[in-house]
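Every number here is computed from the coordinates shown, using simple stated rules; none is lab data. Everything numeric here is computed off the predicted structure, so don't read it as measured data. Neighbour counts run over all protein chains shown; Cβ positions are idealised from the backbone, glycine included.
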Amino acid sequence: DIATMDWPALRAAVSACTACSLCKSRTRTVFGTGSPRARWMIVGEAPGEQEDLRGEPFVGKSGQLLDSMLAAVGQSREAVPAGQQVFIANTLKCRPPRNRNPAPEEMAQCEPFLVRQIELLKPRIILAMGRFAVQALLRSDAPVGKLRGRVHRYQGVPLIVTYHPAYLLRSLPEKARAWEDLCLAASVVEQQEAAA
Ligand code: SF4
């Protein structure tokens, strides 16, 4: 039962999962990366080609952009102190063939893994990056541009909607808005820490 798994059991369950047809075309599952004590959680969409090969989320150019944006607000996926570390996961743990959009049934099958990751991590902030992360976490088909700029909630956790780095690489003018979103996320965490 996914809802009661600890981190090792959850990781093993993802790597052995055959619940949807993406198990047939994947090279590796992409569980997520970062400290289980991280305060920030980044939720992306689905693994791409490089992620599928390496088993790690957000690699390649969009990963580099994400890392530099996170560094600008003092956060990192590397083994830095937990207060500065992010946990990065995707909505889907396996790559859709040829990077096609995830199918609703694939999203539904994979969702319990993400739900359990969030329950175990108990992050102080979630950054939902891109349309499919928003659909999974907020149950909204509204465009990212309409949902960003304010604080939502997922199971009581503050959630900020922002653009996916792969989109920012194609639409540089939106980088300023993504930067505003990161600053909003940082201020939400600061307020929580000040109140603690
Ligand atoms: Fe299982 Fe998710 Fe991979 Fe589908 S995408 S096989 S549900 S881990």
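What to note about this one:
- Within the span defined as region 127-147, one or more residues are more than 12 Å from the chain's Cα centre (by Cα), over 19 Å from D67 (Cα atoms), crowded, with 18+ Cβ neighbours inside 10 Å and within 16 Å of the ligand (Cβ to nearest atom).
- Counted residues, region 32-61 - those being buried (at least 21 other Cβ atoms within 10 Å of the Cβ) and touching a strand residue (DSSP E or B) at 6+ places or on another chain (Cβ under 9 Å): 14
- Residues that are in contact with a Ser or Thr (Cβ under 9 Å, 6 or more places away or on another chain) and within 10 Å of the ligand (Cβ to nearest atom) within region 25-58 comprise T29, F31, A46, P47, listed in sequence order.
- Criterion: farther than 20 Å from F132 by Cα, touching a residue at least 60 places away in the same chain (Cβ under 8 Å), within 12 Å of the ligand (Cβ to nearest atom) and not aromatic (F, W, Y) - qualifying residue of L10, L70, L92, L22: L10
- Search result, residues across region 43-75 that are under 12 Å from R95 (Cα atoms) and touching an Asp or Glu at 6+ places or on another chain (Cβ under 8 Å): P57
- Number of the condition not met by K61 [criteria: (1) within 11 Å of the ligand (Cβ to nearest atom); (2) closer than 17 Å to G130 by Cα; (3) assigned to a helix (DSSP H, G or I)]: (1)
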